[in-house]
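The structure appears below as structure tokens.
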Amino acid sequence: MSGLPIITADQRMAERHGIKGVLVGPVGAGKTTQLNNLNPDSTLFFDLVTEGLAVEQWPGDTIRPRTWDDIRDFSVFIGGPNPALRNDQYYSSAHYQAVVAKFGDPAVLDKYETVFVDSITVAARLCLQWCKGQPQAFSEKSGKPDMRGAYGLLGQEMISWLTHLQHTRNKNVWFVGILNKLLDDFNRPYYALQLEGSKTGLELPGIVDEVITLTDMQAEDGKQYRVFVCHTMNPWGYPAKDRSGRLNMVEEPHLGRLMAKISGPVRPIQERLEYGQPAPAEATSTNN
């Protein structure tokens with residue numbers, strides 16, 4: 001068995017695992033403003049929206065992809081190559097080497113611990129625009145546009161992109177998305193991420209570690225305050241997930257402190273497996 005690449009428990013627990021999460025909320029909830037709660041010296045703002053007033057005072061570094069090709073190039077530069085892919089595929093070793101030749105030494109990224117992507121909603125729109133120009137988006141028989149083919153390609157492209165960044169082991173990656181409140185056929189409300197196509201929204205919770213909803217709630221005295229909803233089983237029906245097992249159902253709406261808690265001491269496994277949870281700590285009101 002000599003040479004078998006077994007990773008011991010001590011080695012695995014010593015590895016740095018970046019947090020991969022999606023932060024969702026309605027328009028105007030303050031999702032982009034959460035960038036102000038991150039360390040500007042170690043955070044890279046992946047700005048797809050060209051944000052202005054919300055983060056105009058944030059002193060950190062920014063990149064601004066404008067096309068789907070730009071998004072893929074920046075992502076392979078950040079995440080490195082996937083050695084399992086063929087050289088004619090995006091995110092492959094050949095793609096990575098071409099991007100390094102274009103952007104320079106990837107060591108420039110070493111200072112960044114967190115990548116804040118705003119927003120996945122805009123990324124899907126740019127991806128769909130690219131997909132509409134590909135051969136799969138046209139009927140082989142008539143040559144006319146085929147939106148089914150375009151949306152099928154959209155799902156493949158978005159999942160490949162998200163999965164590649166999810167495998168960026170040594171960095172935190174947060175995707176921001178708009179949350180819509182909709183009604184089903186029985187006029188019952190439910191929440192869904194605003195995304196082109198359905199495949200990405202359905203598979204995204206299984207890709208990332210954390211799904212956090214930023215929303216407003218009302219105290220008994222009528223005062224409004226903001227919270228992070230972090231548990232899948234919550235009484236409001238918000239999309240949420242906590243793979244770390246360290247978060248309460250409701251947390252203070254401060255992304256920096258939330259990441260610190262996710263990276264903190266682990267709760268006993270038996271406690272994590274129990275359905276009954278202690279009452280969540282009262283969320284702290286904040287202007288961010």
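No lab work stands behind these numbers, since they all come straight from the coordinates. This one's a predicted model, so the numbers in the text were calculated from it and none came from an experiment. For neighbour counting, all protein chains shown are included, and Cβ atoms are generated from backbone atoms with ideal geometry for every residue, glycine included.
Of note:
- DSSP beta bridge pairing in the chain, given as percent antiparallel to the nearest 5: 40
- D_trans [Stokes-Einstein, Kirkwood Rh over alpha-carbon pairs] for the range 42-133, 25 °C, 0.890 mPa s, µm² s⁻¹: 172
- Which of THR200, THR114 has the fewest Cβ neighbours within 10 Å, and the rest in rising order: THR114, THR200
- Highest-fluctuation residue, ARG243, ARG148, ARG169 considered, GNM on the chain with Cα pairs under 10 Å: ARG148
- Efficiency of FRET between LYS141 and ALA94 - r from beta-carbon atoms, R0 30 angstrom, step 0.05: 0.35
- Choice from MET249, MET147, MET158 showing the highest fluctuation, given a GNM over the chain with Cα pairs closer than 10 Å: MET147
- With N as its number of residues, the range 160-216 has a Cα radius of gyration that, divided by 2.2 N^0.38 Å, comes to 1.32.
- Dimensionless Rg ratio for the range 116-271, taking C-alpha atoms and the 2.2 N^0.38 Å reference: 1.24
- Rounded to the nearest 20 debye, the dipole size of the range 9-197 about its Cα centre is 420 debye, using +1 on the Cβ of Lys and Arg and -1 on the Cβ of Asp and Glu.
- GNM remark for the chain: springs join alpha carbons under 10 Å apart, and the peak mean-square fluctuation among GLY80, GLY222, GLY21 falls on GLY222.
- Scattering profile of the chain at q = 0.09, 0.11, 0.16 Å⁻¹ [log10 I(q)/I(0), Debye over alpha-carbon scatterers]: -0.49, -0.72, -1.40
- Projected-area average for the range 28-95 over all orientations - Cα convex hull basis, square nanometres: 5.7
- Across the range 48-163, C-alpha contacts under 8 Å between residues 6 or more apart give a mean separation that, scaled by the residue count, equals a relative contact order of 21 percent.
- Ascending count of other beta-carbon atoms within 10 Å, so fewest first, for SER93, SER42: SER42, SER93
- ILE159-TYR190 pseudo-label distance in nm [points 7 Å out on the Cα-to-Cβ vector]: 2.0
- Entries of LYS171/LYS241; LYS132/LYS241; LYS241/LYS261; LYS223/LYS261; LYS102/LYS199; LYS20/LYS199 with Cα pairs more than 22 Å apart: LYS132/LYS241; LYS223/LYS261; LYS102/LYS199
- Footprinting exposure proxy ranking of TYR151, TYR91, fewest other C-beta atoms within 10 angstrom first, gives TYR151, TYR91.
- With 0.36 nm allotted per residue and the present C-alpha distance subtracted, the ALA107-ILE63 stretch has 14.2 nm of extension available.
- Taken over the range 125-180, the ratio of Cα radius of gyration to 2.2 N^0.38 Å equals 1.44.
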